[in-house]
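Below you'll find the structure, written out as structure tokens, and then a few comments.
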4 protein chains.
Amino acid sequence: MAYQNTVEQKIMWGDLDSLGIVFYPRYYEWFDGSAHLFFESLDINLNDLMEKRKIGFGLVETGCRYFKPVRYHEIIWITTCIEDLADKIVQLNHRITLASDGILMLEGFEKRICMDLSDIDHIRATQIPKDLVEKIRKQGAVPNTK
Amino acid sequence: MAYQNTVEQKIMWGDLDSLGIVFYPRYYEWFDGSAHLFFESLDINLNDLMEKRKIGFGLVETGCRYFKPVRYHEIIWITTCIEDLADKIVQLNHRITLASDGILMLEGFEKRICMDLSDIDHIRATQIPKDLVEKIRKQGAVPNTK
Amino acid sequence: MAYQNTVEQKIMWGDLDSLGIVFYPRYYEWFDGSAHLFFESLDINLNDLMEKRKIGFGLVETGCRYFKPVRYHEIIWITTCIEDLADKIVQLNHRITLASDGILMLEGFEKRICMDLSDIDHIRATQIPKDLVEKIRKQGAVPNTK
Amino acid sequence: MAYQNTVEQKIMWGDLDSLGIVFYPRYYEWFDGSAHLFFESLDINLNDLMEKRKIGFGLVETGCRYFKPVRYHEIIWITTCIEDLADKIVQLNHRITLASDGILMLEGFEKRICMDLSDIDHIRATQIPKDLVEKIRKQGAVPNTK
């Protein structure tokens, strides 16, 4: 199995909607946070990358399928792995399971493109730098079929 | 063309991330808000529906493709229409264009399922009530192919 | 009466907590947005100010008193004025009333300090530039007692 | 010293504004979350309290003073204690320090009133139930001067 990173999180009152279940855009916030933590676990600090090397990973597409609602103070695990890695594109997969019983609550993805941020008003796609690909490979985080 | 509803919105400082572009989960917040306003424009108040009739439209799947970043104090239009209508399912389409020049910035969808909320701890799928389908049809909001 | 600027807003489903009333940090988001729109109404674009002149208005203190809860799809008015203006400090007042009957729902403030952002890692307080004070005065937005 | 509860949190990309520092309404979200966790640490589950006994702790007033900005992936501690306890009112204090060096970054409060939620459309103030006061006292969470 490919390398994955897991984040534990507790559902807060402010995450809930009027039905007492998590308001779905929150899941995307957590996907984004988990993406950053996934890269950090590979020794890639996305903030440094942007500030110092003017390289970022912008969103091309995101999506999520919801199986079960999550509720107040439940503890979830967000497990992130790389689904696909190409020249300019990396697709992350995020699975959210309930810590108490491991049931899969929802599953989503982020398709991110490597961006040259040297001119912030004209962001353009660029190749993922070789040293980053190397760090990803070294950890075994590239899907098996590649 | 099928019936659609458009919401105008101005991008606020708090919607931006550290790159000065909209943090993407915000778009899903606005999709959700626009879904509620779309139904309201069809004389369907989703909150009343939940409180009084214990009927809701929960998320099965959502997704979004991002074409261009949106920035500080830009004005966007969120245009919502029904992409698909089935027994228990309604799929909404949301397109976000820049008010100034009409350029398409991103496009997303919400696939929602009609839920029986009479037992909030055991939410289950149910048929969309006939009077709601009637309101949707009356406004011409059903896709042409149906 | 001193100059004031009013923003109209509709409460969305995603603004509500599990009790069906607005989750209070949202009000601070709207105070922040209304502060930006207040300055814009005085021909001061806070984003340009930061990007081009490296001047910002950071938060020193905020606060809010809550009188009545606001609910689904209610329309509110957020009215902003300057409560106090000093060398480096501007204090904004925000009042939220219900559009339907004018009832005061809550009232808050933001005390902001003028910041020199030329070194983002060492932000420091600075005097409010004279041309900004002039724009504020010209609109009659300085409290009477000054 | 009175009883206190501490929550550890890591700053996420989505918590930042365009200057790369935490957008201030986020702090209030965390104050709210920490309030719930504080009560949970006293064996008081606020969600159960609302659902089963129709008792809640609504906001009367909140406030915050900001000393230093918090940045990407910094780890903070949010320490919560009771500042004041009266018949119907409990005031919580929240201090946020940087985990790495213990520096105080900001400090805020929430003044909450005990609410009878049996009629959600006519929420009214009520006395804090005796068994809850007892749980608070038992843990030594009442300020010394009381």
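Checked against (1) under 26 Å from A:Met1 (Cβ atoms); (2) free of Cβ contacts under 8 Å to residues at least 24 places away in the same chain, A:Asp17 passes all but condition (1). Within segment D:83-101, not a single residue is open to solvent by 30 Å² or more (accessible area, probe 1.4 Å), within 12 Å of another protein chain (Cβ to nearest Cβ) and out of contact with any Lys or Arg (no Cβ under 6 Å at 6 or more places or on another chain).
The conditions of being more than 25 Å from C:His36 (Cβ to Cβ), part of a strand (DSSP E or B) and of a type outside the set (Gly, Ala, Ser) are met by B:Thr80. Give segment D:13-40 a look and list any residue that's more than 12 Å from the chain's Cα centre (by Cα), part of a helix (DSSP H, G or I) and farther than 22 Å from C:Gly63 by Cα, or say none. D:Trp13, D:Gly14 - these are the residues of segment D:13-40 that are more than 12 Å from the chain's Cα centre (by Cα), part of a helix (DSSP H, G or I) and farther than 22 Å from C:Gly63 by Cα.
When you check B:His73 against the structure, is it out of contact with any Cys (no Cβ under 8 Å at 6 or more places or on another chain) and at pLDDT below 95, yes or no? Spelling it out, it is not the case that B:His73 is out of contact with any Cys (no Cβ under 8 Å at 6 or more places or on another chain) and at pLDDT below 95.
If we scan segment A:49-68, do we find a residue that is in a loop (DSSP other than H, G, I, E, B), open to solvent by less than 60 Å² (accessible area, probe 1.4 Å) and not β-branched (Val, Ile, Thr)?
Checked against the condition, which is being in a loop (DSSP other than H, G, I, E, B), open to solvent by less than 60 Å² (accessible area, probe 1.4 Å) and not β-branched (Val, Ile, Thr), segment A:49-68 yields no hits at all.
One residue stands out in segment D:20-29 among those that are without any contact (Cβ under 8 Å) to a residue 40 or more places away in the chain and within 7 Å of chain C (Cβ to nearest Cβ): the one that is least open to solvent (accessible area, probe 1.4 Å), namely D:Pro25. None of C:Asp43, C:Asp32 is out of contact with any Leu (no Cβ under 6 Å at 6 or more places or on another chain), within 12 Å of another protein chain (Cβ to nearest Cβ) and touching a residue at least 60 places away in the same chain (Cβ under 8 Å) except C:Asp32. Among residues of segment C:113-135 being surrounded by 12 or more Cβ atoms within 10 Å (Cβ to Cβ) and out of contact with any strand residue (DSSP E or B) (no Cβ under 7 Å at 6 or more places or on another chain), the one that is modelled with the lowest pLDDT is C:Ile120. When you look at A:Thr80, is it in contact with a helix residue (DSSP H, G or I) (Cβ under 7 Å, 6 or more places away or on another chain) and either open to solvent by less than 50 Å² (accessible area, probe 1.4 Å) or within 12 Å of chain B (Cβ to nearest Cβ) (or both), yes or no? Judged against the criteria, A:Thr80 is a match. No other residue among D:Leu98, D:Leu106 is of a type outside the set (Gly, Ala, Ser), closer than 30 Å to C:Gly56 by Cβ and touching a residue at least 60 places away in the same chain (Cβ under 8 Å) apart from D:Leu106. Does D:Ala2 satisfy being in contact (Cβ under 8 Å) with a residue 24 or more places away in the chain and part of a loop (DSSP other than H, G, I, E, B)? So D:Ala2 passes the test. Within segment A:81-111, being in contact with an Asp or Glu (Cβ under 9 Å, 6 or more places away or on another chain) and of a type outside the set (A, V, I, L, M) holds for A:Gln91, A:Asn93, A:His94, A:Arg95, A:Ser100, A:Phe109, A:Glu110, A:Lys111. In the set (1) open to solvent by 10 Å² or more (accessible area, probe 1.4 Å); (2) within 16 Å of the chain's Cα centre (by Cα); (3) within 21 Å of D:Tyr27 (Cα to Cα); (4) within 12 Å of chain D (Cβ to nearest Cβ), C:Glu110 fails one condition alone, (1).
The values are calculated or read from the model by the stated rules, or taken from the named source; none is laboratory data. Only a predicted model underlies this, so the values are computations on that prediction, with no experimental measurement involved. For neighbour counting, all protein chains shown are included, and Cβ atoms are generated from backbone atoms with ideal geometry for every residue, glycine included. Areas reflect the complete protein model, heavy atoms only, side chains present, ligands, DNA and RNA absent. Shrake-Rupley method; radii C 1.70, N 1.55, O 1.52, S 1.80 Å.
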